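One structure is given below, encoded as structure tokens.
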Amino acid sequence: MFLHDLKYELISSLRTKQVIIWLLIYPMILGTLFKVAFSGIYEKENLFSSVPAVVVGCSEGSPLRSVLDGMKNSDKPLLDVKYADREEAEKLLNDGDTEGIIDASGEALTLTVAGEGMNETILKAFCDQYNSNAKVITESASDPAKLGAVTEQLMKDANVVEHKQLVEGNMDFFVEYFYNLVAMIALFGSMIGITAAMDNQANLSALGARKCCSPRPKMLSLLAALTARFILMAVCMVITISYFSFILKIDYGERLGLVYLAGTVGGMLGVSLGFAVGSIGFGNYGIKNSILTAVSLLLCFCSGLMDGNMKIRIQENVPVLNKLNPAAVIADSMHCLNVFNDTKMYTEKLITMLVMTAVLVMFGFIITRRRKYASL
């Protein structure tokens, strides 16, 4: 009997247009637009890349040439150097093919740039440091006994920074929008969760009236309806996350299976939210769906879907809201897994989602089962 009801509920849910439009087509379109809008921004603004520069007046075997050639041996050299004459260098600078011209023809390096920015600052810092070190070495050359100590000290000063990896995962800030996009899809599962309750209440739908006249246990019918929607939501989440990960190439980390699990449990939470609201005995489907859509978008806004810094502001002022916001919990489960590789925090977020789901389902069962009708 349960399997028969489950099969019927699955077929019925698949025929609901909200499933195809809002749980599959809309997220894919929105995710594609996000990808187009944010693609490459993190790499351009946050990741270091070698600064292109043109050097003029630098002869073979000169100290500057040795320094620049030595820099090329590192994994990420500070400068991407080209050697040219003055006329060619100025043409490259005017065409925007280089950030600056380093002139080594005089006693000290001089720099010519076309603008003001981080790359120009790096070039100026390099020239200033080279000129300073060259002056110290020149002044010490008169005393060969001190030259070795001075050179050794300069080498120590050049290696005072120790590189440490604070986190192991993806530091691209814009991936947060895709975490929140998954959370939005999960909460949109409330659209099909509403019908699980309304289709079992005689005062809210004609189908509910027929079911209430049936001798079949109401709890069995409710369980079949919820299970079918949980399965359908899980399939939608897997398809959408797979599209983001394999088609749009969004980096969800190496533990994609746990991301699928978080999305699936989040989808169950969204369905349960719709089931709880649908159990309330007033308002038709349109009214409840509109309320839940508005609430879902508000929760996603607080989680950072529209403004990436919103969740940070809430965390600084009212941190308890982030712990109670289902969208924030879903997004945080993927964030802590991908960025910090923290399975303990991930497990805590997963348990939080399961507890919220259980509370909402129990609320819906209690409200629905206690309702009695004078006539049908």
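The values are calculated or read from the model by the stated rules, or taken from the named source; none is laboratory data. Remember, it's a predicted structure, so these values are computed and weren't measured experimentally. Cβ sites come from the backbone with ideal geometry, for glycine too, and all protein chains shown count toward neighbours.
Do we find that Gly283 is surrounded by 14 or more Cβ atoms within 10 Å (Cβ to Cβ), free of Cβ contacts under 8 Å to residues at least 40 places away in the same chain, closer than 22 Å to Val19 by Cβ and small (Gly, Ala, Ser) in this structure? The answer is yes for Gly283. Restricted to segment 238-257, and to residues that are in contact with a Leu (Cβ under 7 Å, 6 or more places away or on another chain) and under 15 Å from Cys336 (Cα atoms), which residue is modelled with the lowest pLDDT? For segment 238-257, the residue satisfying everything is Gly253. Please state which of the following conditions Leu68 fails to meet, knowing it meets all the rest: (1) within 39 Å of the chain's Cα centre (by Cα); (2) in a helix (DSSP H, G or I); (3) at pLDDT 85 or above. The number of the failed condition is (3).
Within segment 299-331, the set of residues being aliphatic (A, V, I, L, M), within 19 Å of Leu273 (Cα to Cα) and either crowded, with 24+ Cβ neighbours inside 10 Å or touching a residue at least 12 places away in the same chain (Cβ under 8 Å) (or both) comprises Leu299, Leu321, Ala327, Ala328, Val329, Ile330, Ala331. Residues in segment 332-344 that are surrounded by fewer than 19 Cβ atoms within 10 Å (Cβ to Cβ) and either more than 19 Å from Asp251 (Cβ to Cβ) or of a type in the set (S, T, N, Q) (or both): Asn341, Thr343, Lys344. The residues listed here are Leu297, Leu273, Leu305; of these, the one that is part of a loop (DSSP other than H, G, I, E, B) and under 29 Å from Ile231 (Cβ atoms) is Leu305. Evaluated against (1) more than 20 Å from the chain's Cα centre (by Cα); (2) in a loop (DSSP other than H, G, I, E, B); (3) surrounded by 14 or more Cβ atoms within 10 Å (Cβ to Cβ), Tyr252 falls short on exactly one condition, (1). Taken over segment 107-131, the criterion of being assigned to a loop (DSSP other than H, G, I, E, B) and in contact (Cβ under 8 Å) with a residue 40 or more places away in the chain is satisfied by Leu109 alone. With the requirement that a residue be among the basic types (Lys, Arg) and over 30 Å from Val36 (Cβ atoms), what does segment 238-288 give you? Result: Lys288, single match.
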